[in-house]
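Visitor: Just passing along the structure, written as structure tokens.
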Amino acid sequence: MSLTCQVQVILNNISKEKAETVKKALEPDNVNFPEGLSLNVKNIDNKLIFNFESKKNMKQLTSTVDEVMEHIQVALKVIQ
């Protein structure tokens, strides 16, 4: 049996400019993800949507979500 877990994080009320800046700041981290783990980032309306998916290791998924959220927080502090 294969277990897949998906986590979606939505930042609401974010300007297009800030959303693009955060998205670009995270691009280097969105390369060479471990096998079975993925991240898709979308900018829709005034929302920045992060879709995480893991097909293997749930602990690795939670660690990745935590790390990305830390990077988002830093990026938002820098651009304010």
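Visitor: Return the pairs, sorted by first residue and then second, in which the second residue is open to solvent by less than 70 Å² (accessible area, probe 1.4 Å) and charged (D, E, K, R), the first residue lies in segment 37-63 and is under 20 Å from Lys23 (Cα atoms), the beta carbons are less than 6 Å apart, and the residues are 6+ apart or on different chains.
Guide: Ser38/Glu53; Val41/Lys23
Visitor: Within segment 56-80, how many residues are exposed (fewer than 13 other Cβ atoms within 10 Å of the Cβ) and either in contact with a helix residue (DSSP H, G or I) (Cβ under 6 Å, 6 or more places away or on another chain) or among the acidic types (Asp, Glu) (or both)?
Guide: 4
Visitor: Still on this structure, I have one more. State whether the residues of segment 2-10 include one that is touching an Asp or Glu at 6+ places or on another chain (Cβ under 8 Å), open to solvent by 90 Å² or more (accessible area, probe 1.4 Å) and not in a loop (DSSP other than H, G, I, E, B).
Guide: Scanning segment 2-10 turns up at least one residue that is touching an Asp or Glu at 6+ places or on another chain (Cβ under 8 Å), open to solvent by 90 Å² or more (accessible area, probe 1.4 Å) and not in a loop (DSSP other than H, G, I, E, B).
Visitor: Considering segment 11-28 alone, what residues qualify as being open to solvent by less than 50 Å² (accessible area, probe 1.4 Å) and at pLDDT 90 or above? Give the steps one after another, and end with the answer.
Guide: Kept after step one, since they are open to solvent by less than 50 Å² (accessible area, probe 1.4 Å), are these residues of segment 11-28: 11, 14-15, 19, 22, 26.
Leu11, Ile14, Ser15, Ala19, Val22, listed by residue number.
Visitor: Right, something else. Please find, within segment 29-55, the residue that is surrounded by the fewest Cβ atoms within 10 Å (Cβ to Cβ) out of those that are acidic (Asp, Glu) and over 10 Å from the mean Cα position of the chain (by Cα).
Guide: That would be Glu35.
Visitor: Please determine, by comparing only the residues of segment 1-10 that are of a type outside the set (S, T, N, Q) and modelled with pLDDT under 90, which one is farthest from Ile49 (Cα to Cα).
Guide: My answer is Met1.
Visitor: For segment 64-74, what are the residues that are in contact (Cβ under 8 Å) with a residue 60 or more places away in the chain and of a type in the set (Val, Ile, Thr)?
Guide: Selection gives Ile72 alone.
The values are calculated or read from the model by the stated rules, or taken from the named source; none is laboratory data. Every value quoted in this text rests on a predicted model; they were computed, and no experiment measured them. No Cβ is skipped: glycine too gets one built from the backbone with ideal geometry, and neighbour counts run over all protein chains shown. Surface areas here come from the heavy atoms of the whole protein model, side chains and all, with no ligands, DNA or RNA. Shrake-Rupley method; radii C 1.70, N 1.55, O 1.52, S 1.80 Å.
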